[in-house]
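Have a look at the structure below, then the notes.
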Amino acid sequence: MALTESSFSWNGGSFYLGVILTLHLNTIASAFERCRDRFSPYFAAIIVLAVSHIITLVIIVAYGGQNDPTQPEGKVAPLTAGLNALAILLEHVTEVGFVSLNFFRLKKLAQVKYPLPIRIMTILVFLYMLGVTIHNIWFLVLLSRNDSLITMAGPASMFNLMSFYDGLLNAGISLGFVLYLRSVTLDPQFARSRSSLSSMLASVKYSLGFECAVIIAANLLQLVSPASDPLWIATYLSLALRLRIFTSFLSTLGVMLRQTNRSDGGSSITGGAAGANAAGTSNSALSQIPLQAGGGGTLVGSPAGISRTGKE
């Protein structure tokens, strides 16, 4: 509703846009707070991701792939095509980036203990990156040729499948990470911290489980009934929730790592040199990831994140 209108007029797109923007602004503020004292590539990448989501969503809502009557045969207007191309480029960075960030987070911790599952997951992540790259190039080619929106149904259908694959892949990565943390929590070396570690692990399981369920549900909606959400609002809402949950999860992870590192030091003191060697072996994967106070992280090679494209 504009300020000059005399009555309220419901607009679902505007309402959910406001909800999504609020989530992203909250995420940006939380990540900035953790970067303020000491720069963290992890949380800096989250800020880039959130800003990219905001820009892309505004483009989608304002220029939602509607046929332009001023263009012959419903072709895309040059301004709309240019903005859509910008959205695709931004989203390619976020698509590839978030999956990479999520996967490297797991790989850094679990590659020594679970080498075979990590190798399998590496292949699945590569296939996803290849798929979204093909989709985005395909869509950009159609935009450069100023094809009609009808011919863009092909890449849109491919994007539906890749989005669902992304949801399943994200669920697999989250499950792997929860299982690894559970094995660390049950390690006798960390018995003194088991109560608090178990409590934090339960919080992680519930939050990541909810995140995965929301992502998969939004993608299923697009596969089953795409006409019910032509602007992909449910998908963008699920991505905003995922990013917010991910930010909170990194903070919880930082606390868990600090507790295990303190327990590791306690083992070394009470167990002498043998205890130090045992602690260094069992906790080597965890101790390789230095996280600052407040959940900040330092992870080499952390890219931007993931979003969506091809809504037209």
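Among the conditions (1) part of a helix (DSSP H, G or I); (2) within 30 Å of Phe159 (Cα to Cα); (3) open to solvent by less than 60 Å² (accessible area, probe 1.4 Å), the only one that Leu223 does not satisfy is (3). Cβ separations smaller than 9 Å between residues 6+ apart or across chains give the following pairs from region 14-33 residues that are without any contact (Cβ under 8 Å) to a residue 40 or more places away in the chain to residues that are open to solvent by less than 30 Å² (accessible area, probe 1.4 Å) and of a type in the set (Val, Ile, Thr): Ile28/Ile46.
One residue alone among Val204, Val184 is modelled with pLDDT under 85, closer than 22 Å to Pro117 by Cβ and part of a helix (DSSP H, G or I), and that residue is Val184. Contact map, region 40-54: first residue of a type in the set (Val, Ile, Thr), second residue open to solvent by less than 40 Å² (accessible area, probe 1.4 Å), Cβ cut-off under 6 Å, separation 6 or more or different chains; pairs are Ile46/Ala31; Ile46/Thr247; Ile47/Ile28; Ile47/Ala31; Val48/Ala304; Ile54/His24.
Applying a threshold of 8 Å to beta carbon distances and a minimum spacing of six or more residues, or different chains, the list of pairs starting in region 196-215 at a residue that is touching a residue at least 60 places away in the same chain (Cβ under 8 Å) and open to solvent by less than 10 Å² (accessible area, probe 1.4 Å) and ending at one that is of a type outside the set (Phe, Trp, Tyr) and assigned to a helix (DSSP H, G or I) reads Leu197/Val184; Leu197/Thr185; Leu197/Met256; Leu197/Gln259; Leu197/Thr260. Of all residues in region 87-107 being closer than 19 Å to Thr235 by Cβ and open to solvent by 10 Å² or more (accessible area, probe 1.4 Å), which is nearest to the chain's Cα centre (by Cα)? Residue satisfying both the conditions and the ranking: Val96.
Just to be sure, is Leu239 under 22 Å from the mean Cα position of the chain (by Cα), open to solvent by less than 30 Å² (accessible area, probe 1.4 Å), modelled with pLDDT under 90 and not hydroxyl-bearing (Ser, Thr, Tyr)? Working first, answer last.
Working: under 22 Å from the mean Cα position of the chain (by Cα): yes; open to solvent by less than 30 Å² (accessible area, probe 1.4 Å): yes; modelled with pLDDT under 90: yes; not hydroxyl-bearing (Ser, Thr, Tyr): yes.
It is true that Leu239 is under 22 Å from the mean Cα position of the chain (by Cα), open to solvent by less than 30 Å² (accessible area, probe 1.4 Å), modelled with pLDDT under 90 and not hydroxyl-bearing (Ser, Thr, Tyr).
I'd like the full set of residues that are free of Cβ contacts under 8 Å to residues at least 60 places away in the same chain and open to solvent by less than 60 Å² (accessible area, probe 1.4 Å), limited to region 133-145. Answer for region 133-145, where residues must be free of Cβ contacts under 8 Å to residues at least 60 places away in the same chain and open to solvent by less than 60 Å² (accessible area, probe 1.4 Å): Thr133, Leu140, Leu142. Applying the condition of being without any contact (Cβ under 8 Å) to a residue 60 or more places away in the chain and farther than 30 Å from Leu221 by Cα to region 162-190 and asking which residue is most open to solvent (accessible area, probe 1.4 Å) yields Arg182. Just so you know, in region 1-40 the residues that are open to solvent by less than 40 Å² (accessible area, probe 1.4 Å) and under 18 Å from the mean Cα position of the chain (by Cα) include one that is modelled with the lowest pLDDT, and it is Ser40. In this structure, does Val125 turn out to be within 30 Å of Met256 (Cα to Cα), touching a residue at least 40 places away in the same chain (Cβ under 8 Å), part of a helix (DSSP H, G or I) and hydrophobic (A, V, I, L, M, F, W, C)? Yes.
The values are calculated or read from the model by the stated rules, or taken from the named source; none is laboratory data. From a predicted model like this one, the values you see are computed outputs, not experimental measurements. We place every Cβ from the backbone using ideal geometry, glycine too, and count neighbours over all the protein chains shown. Remember, those area values only see protein heavy atoms, side chains included, never the ligands or the DNA or RNA. Shrake-Rupley method; radii C 1.70, N 1.55, O 1.52, S 1.80 Å.
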